[in-house]
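Shown next, in structure tokens, is the structure this report addresses.
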Amino acid sequence: MKIPKNLDPIISGISAAIVIGILAFLTLRTSAGIWLMFSFGATVFLVFVLYDLETAQPKNIFFGHIISMLVGVIFNETLGFSFYSLGLSVGVAVTLMVYLKVMHPPAASNPLVALFMDLSFDFILFPVIAGTIVIIFMSILINRIILKRKYPKKSFYLKNLKL
């Protein structure tokens, strides 16, 4: 179905609400652990509003979040909370995302979360990896199958799947 342009913002907002709602449900109503973190709000904005940008593609979402949270946890474990660790951790995360070509702007806030919340390496599995997988799966399902948008741009892993 082709979405009329004037309804596109509403559909994008509903889609974002559904994905965050699923992550919130898994976090608050199950014993599955933490599935949600603050930067995921900006991530769903990208995948449902600016879905054609490179920064909104699954590879960037997954690896951008992992790299930046890993940097934040390493800084937290080694340097601890300080004005220089906050600044340096974000700078290192941004640098690595650019060099590794997995730029995802919402993920640049992850080192701050890791330091302010005194997080350890187990946070990388839940919510970072688990949450990004849910976001990627749901964004492909909603964008490609329901809204008939070309997402992700490069669908080499979906090549044999007729949608």
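The values are calculated or read from the model by the stated rules, or taken from the named source; none is laboratory data. It should be emphasised that the depicted structure is a prediction, and the values quoted were computed from it without experimental measurement. Every residue, glycine as well, gets a Cβ built from its backbone with ideal geometry; the counts of neighbours run over all protein chains shown.
Answer yes or no as to whether residue 84 is among the aromatic types (Phe, Trp, Tyr), surrounded by 21 or more Cβ atoms within 10 Å (Cβ to Cβ) and at pLDDT 95 or above.
When the stated conditions are applied, residue 84 does not pass them.
In this structure, does residue 134 turn out to be touching a His at 6+ places or on another chain (Cβ under 7 Å) and among the hydrophobic types (A, V, I, L, M, F, W, C)?
The answer is no for residue 134.
Every residue in the range 59-81 that is within 15 Å of residue 117 (Cα to Cα) and surrounded by 15 or more Cβ atoms within 10 Å (Cβ to Cβ), please.
Scanning the range 59-81 gives 68, 69, 70, 71, 72, 73, 74, 75, 76.
Listed residues 114, 56, 130, 93; which is crowded, with 17+ Cβ neighbours inside 10 Å, under 30 Å from residue 7 (Cβ atoms) and among the aliphatic types (A, V, I, L, M)?
56
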